[in-house]
Amino acid sequence: MKKAIILSSVILAGISTTMAQNADTDDYSRFELSYAATKFSFQNLDENTNGFSAGFLWGDNISADLPLFVEYGFNLTYVIGKDEASDASFGTAKETDKFLNVALPLNLAYKIALADNVSLVPFAGLNFKVNLVGKAEMEATGYSSVTLDFFDDEDVENTAKRFQLGANVGIGLNINNLYVGYRFQPDFFEYVDNMKTKTHYISLGVNF
């Protein structure tokens, strides 16, 4: 038993030393384009929206010996949701919802070297989101189109929140200067009362 413990300790020490020697502790910056899918959940109803995001991120090393980084930056995300209903008596009704927000992520990231110029980067942190646009455009057969602003209390009774605090959890793969990543962003604060939101991102980026 003692021999097994000693052998395990030696192996772990060797792995740690190798990782430290191969650790990439250089600061980095990255431009990203992402596919974004946001779900709005209100009681038993869900609305799925799709769109895109663009942003810039910086990674600053916080340890001389470890590839541990603080990541911060900004993202602009635009998503659209559409719904349509038809009735033989009343015709067709369509609704298009549009959402735009800017977010400031703040993450801790650890860069794991897999090979020369190849690394895996898990990360987790907080997301500070400011909602800029939230609108519903509605059309119905025989009626004029109507646009509602979710932030205007004259248009809706339950107005949307401008600020949402959420989380960022994900992982990325760096190959030379290219980046491929996934990020899950659940919001702690509701978009409107009793409405929760969460977003999935699939990203492509370039490291500088």
Got the relative contact order for region 133-208 handy, in percent, Cα pairs under 8 Å and 6 or more residues apart?
22
Against the longest alpha carbon principal axis of the chain, how many degrees, from 0 to 90 and to the nearest 10, is the axis of helix 2-22 turned?
70
Going out from 0 in 10 Å bins, what whole percent of all Cα-Cα distances in region 147-208 drops into each bin?
20, 32, 24, 17, 7, 0
Which aspartates and glutamates, if any, have their Cα less than 13 Å from the Cα of LYS82, not counting same-chain residues under 8 positions apart?
ASP46, GLU47, GLU95, ASP97, GLU137, GLU139
Summing -39500 (n - 2.57) over the DSSP H runs of n ≥ 4 in the chain and dividing by its residue number, what mean residue ellipticity at 222 nm do you reach, to the nearest 500 deg cm²/dmol?
-3500 deg cm²/dmol
For region 188-196, just list the computed ³J(HN,Hα) in residue order, Karplus coefficients 6.51, -1.76 and 1.60, θ = phi - 60°, integers in Hz, with x standing in for Gly and Pro.
6, 8, 6, 6, 10, 4, 6, 10, 9
Would you mind finding the longest exposed-site-free stretch of the chain, with exposed GluC sites (Glu not before Pro) meaning DSSP loop and at most 10 other Cβ atoms within 10 Å?
1-153
Using only alpha carbon pairs under 8 Å that are at least six residues apart, calculate the relative contact order of the chain and give it in whole percent.
19
Among (1) 19.2, 58; (2) 22.7, 84; (3) 48.5, 175, only one was calculated for this model; which label is it, if the read-out is Rg and Dmax of the Cα atoms in Å?
(2)
Take the cross-link list LYS94/LYS198; LYS111/LYS198; LYS129/LYS198 and give me the ones stretching past 20 Å between alpha-carbons.
LYS94/LYS198; LYS111/LYS198
Restricting to Cα pairs under 8 Å and 6 or more apart, the percent relative contact order of region 33-84 works out to 36
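Laboratory data are not the source of any read-out in this text; all were calculated from the coordinates shown. If you're wondering where the values come from, they're calculated on a predicted model, not measured in any experiment. In this analysis, Cβ positions are derived from the backbone assuming ideal geometry, glycine residues included, and neighbour counts consider all displayed protein chains.
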